[in-house]
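Some notes on the structure that comes next.
Nothing in this text is a laboratory measurement; each read-out follows from the coordinates by a stated rule. The model shown is predicted, which means the values in this text are computed figures rather than measured ones.
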Protein chains: 2
Amino acid sequence: MRATVVVRPKQGILDPQGEAVENALEHLGFSVAGARVGKVVDLEVEATDAAAARAQVERMCEQLLANPLMESYEIEVHG
Amino acid sequence: MRATVVVRPKQGILDPQGEAVENALEHLGFSVAGARVGKVVDLEVEATDAAAARAQVERMCEQLLANPLMESYEIEVHG
């Protein structure tokens, strides 16, 4: 079953990559603010149904994909 | 206006970060395949309407956020 995880820096957490992107965009002439950079992970998990897939991906986030102190995550399971 | 850009490695393009994530998840005991890692950029653009915001973010992708040879991108404009 295909799943997508989006991991973002939590509010209030410094995001140097986001700042770099924002500065670079401003240098290119864009009017931009509040840029934040996170990551997206697409993967295929073995699971019998969507709920089981989501539970498994949740464990992956807790153990590897996200740092719960600094990052929040969203999981989407595709049919 | 808030926008979200998701940038992913194109199909067929080697994704070492995705492979590393997949290997690490397997070592943790998960059954996982086809992991791919991309990035997500959230930002605020100055624009009068959603179409103008989208056009501007499209230019940002072409000029900075994505490498069109290796990456594809999706833009979502929030209200």
Query raised in the report: Roughly what angle does helix B:16-27 make with the longest principal axis of chain B, taking Cα atoms, 0 to 90 degrees, to the nearest 10?
Result: 50
Query - Relative contact order computed over chain B (Cα-Cα under 8 Å; 6+ residues apart), in percent - result: 51
**Report entry** Top of A:Val40, A:Val57, A:Val32 by mean-square fluctuation, Gaussian network on chain A, Cα under 10 Å
**Finding:** A:Val32
Requested in this report: Could you go through the range A:43-48 in sequence order and give the Karplus-derived ³J(HN,Hα) for each residue, using 6.51 cos²θ - 1.76 cosθ + 1.60 with θ = phi - 60°, rounded to whole Hz, and x for Gly and Pro?
Outcome: 8, 10, 10, 7, 7, 7
Report summary line: So for the protein assembly as shown, using the alpha carbon gyration tensor with a ≥ b ≥ c as root eigenvalues (a/c under 1.5 gives rounded; past that, a/b versus b/c decides prolate or oblate), I'd call it prolate
